[in-house]
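S.K.: Can you keep this structure in mind? I'll have questions shortly.
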Amino acid sequence: MKRHRSFLAPEARLFLVATPIGNLQELSPRAAETLRQVDYVACEDTRVSGKLLKYLMIEKPLIACHEHNEAGASELILDLLKQNFKVAYVSDAGYPAISDPGSRLVAKALDQDVKVTVISGPSAILNALVGSGLPSDHFYFHGFLPSKANARKNELTALYKRPETLVFYEAPHRIKVMLQALRDVLGNRPACLARELTKKFEEYIYGTLGELAELDLETLKGEMVVVVGGNRDELATNVGDDEILNFINSQTKVGISTKDAIKQASQVLGINKNYIYKLMHRN
């Protein structure tokens, strides 16, 4: 077990700095001051971070640390930290390690007893969730879905029963296919598409997944967050999908109609019939 007291550590630390998701004015004074005080800034993209530092009138040596070189770049950063240099790590927007590089760097730092401090800031997840109007007491952030259809369907099927509000990221060139997949697998749930958050053309689009799936692709520009209502079927059970299907199969094998088998499964297993119908349709 390790216990790190962030503000009582005089030695060099790795600072994870959350950066604006669009509006540069949202960078906190603490984040700006941290970027001024460190010796190096490691970043996902030196061009993007270079613009931010220029806006702040800060000049620092930049170290590229992205998904393709994170393993090697992490070793360089750790060497600098062990020499008592201070290093900040930033991704292109939002929090490092949240659907962005950084998690491997943090894991290696902690493994080598390097103290890590997080400088909080903007979050597209929370902006979209709070602005969606959907329940926010419990939510599940999934990030990006796979680009391949079968893998995407499998992940959504695994999410189907979750009662929490679901939050996804998606890029504009994949948003149409992604919304259609959400509708086809999860059903016509209430949803909100938030795009261009904190920027000039920020927009929240409210409706059902069916309505969002029919949006004109030409009107959907910029990075997007999709918030979807959780499963509201009356599922007071921990019975797995395989167990439900096995029960149905055992009934139909002895001549019971599918309709009556579903009715029996609902009564015996305590499962909402609508859920069983949807499960069989998906399979």
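S.K.: Count, please, the residues in the stretch 61-86 that happen to be in contact with a Pro (Cβ under 7 Å, 6 or more places away or on another chain) and either under 15 Å from residue 11 (Cβ atoms) or not assigned by TED's automatic domain parsing to the domain that holds residue 45 (or both). Break it down into steps so the answer makes sense when it comes.
M.R.: Let us first name the residues in the stretch 61-86 that are in contact with a Pro (Cβ under 7 Å, 6 or more places away or on another chain), namely 65-67, 70.
Filter once more, so that each one left must be either under 15 Å from residue 11 (Cβ atoms) or not assigned by TED's automatic domain parsing to the domain that holds residue 45 (or both): none.
Count: 0.
S.K.: Still on this model: Residues of the stretch 126-183 being closer than 19 Å to residue 212 by Cα and among the acidic types (Asp, Glu), which ones?
M.R.: 170
S.K.: Any idea which of (1) touching a strand residue (DSSP E or B) at 6+ places or on another chain (Cβ under 6 Å); (2) in contact (Cβ under 8 Å) with a residue 12 or more places away in the chain; (3) surrounded by fewer than 16 Cβ atoms within 10 Å (Cβ to Cβ) is the one residue 203 doesn't satisfy?
M.R.: Just one mismatch for residue 203, condition (2).
S.K.: Here's a follow-up. Looking only at residues in the stretch 202-236 that are more than 21 Å from residue 142 (Cα to Cα) and not assigned by TED's automatic domain parsing to the domain that holds residue 178, which one is modelled with the lowest pLDDT?
M.R.: Ranking the candidates gives 236 first.
S.K.: Right, another one. Can you tell me which residue in the stretch 24-69 is surrounded by the most Cβ atoms within 10 Å (Cβ to Cβ), limited to those that are part of a loop (DSSP other than H, G, I, E, B) and in contact (Cβ under 8 Å) with a residue 40 or more places away in the chain? Please lay out each step first, then the result.
M.R.: Looking only at the stretch 24-69, we keep the residues that are part of a loop (DSSP other than H, G, I, E, B), and these are 27-28, 38-39, 44-45, 56-61, 65-69.
Applying the additional criterion that residues be in contact (Cβ under 8 Å) with a residue 40 or more places away in the chain yields 27-28, 38-39, 44-45, 65.
Values: 27: 20, 28: 16, 38: 22, 39: 15, 44: 21, 45: 16, 65: 29.
The residue in question is 65.
S.K.: Out of the residues in the stretch 241-283 that are charged (D, E, K, R) and surrounded by 16 or more Cβ atoms within 10 Å (Cβ to Cβ), which is farthest from residue 185 (Cα to Cα)? Full working, then the answer.
M.R.: Narrowing the stretch 241-283 to residues charged (D, E, K, R): 241-243, 253, 259-260, 263, 273, 278, 282.
Going one step further and asking which of them are surrounded by 16 or more Cβ atoms within 10 Å (Cβ to Cβ), we end up with 241, 278.
Numbers: 241: 15, 278: 9 Å.
The qualifying residue farthest from residue 185 (Cα to Cα) is 241.
S.K.: Now, a different point. Yes or no: residue 8 modelled with pLDDT under 95 and either of a type outside the set (D, E, K, R) or surrounded by fewer than 19 Cβ atoms within 10 Å (Cβ to Cβ) (or both)? Walk me through how you get there before you give the answer.
M.R.: Numbers: modelled with pLDDT under 95: yes; either of a type outside the set (D, E, K, R) or surrounded by fewer than 19 Cβ atoms within 10 Å (Cβ to Cβ) (or both): yes.
Here the answer is yes, as residue 8 does meet what is asked.
S.K.: Within the stretch 165-173, identify whether any single residue is surrounded by fewer than 17 Cβ atoms within 10 Å (Cβ to Cβ), among the aliphatic types (A, V, I, L, M) and touching an Asp or Glu at 6+ places or on another chain (Cβ under 9 Å), and answer yes or no. Walk me through it before giving the result.
M.R.: Pass one, the stretch 165-173, residues surrounded by fewer than 17 Cβ atoms within 10 Å (Cβ to Cβ): 171-173.
With among the aliphatic types (A, V, I, L, M) added as a condition, the list becomes 171.
Right, trim to touching an Asp or Glu at 6+ places or on another chain (Cβ under 9 Å) and you get 171.
So far as the stretch 165-173 goes, yes, one or more of its residues are surrounded by fewer than 17 Cβ atoms within 10 Å (Cβ to Cβ), among the aliphatic types (A, V, I, L, M) and touching an Asp or Glu at 6+ places or on another chain (Cβ under 9 Å).
S.K.: So, one more: Considering (1) buried (at least 20 other Cβ atoms within 10 Å of the Cβ); (2) out of contact with any helix residue (DSSP H, G or I) (no Cβ under 9 Å at 6 or more places or on another chain); (3) farther than 23 Å from residue 275 by Cα, say which one residue 196 fails and leave the rest.
M.R.: Failing condition for residue 196: (1).
The values are calculated or read from the model by the stated rules, or taken from the named source; none is laboratory data. This structure is a prediction, so every number in the text was calculated from the model and none was measured. Note that each Cβ is placed from the backbone with ideal geometry, even for glycine, and that neighbours are counted across all protein chains shown.
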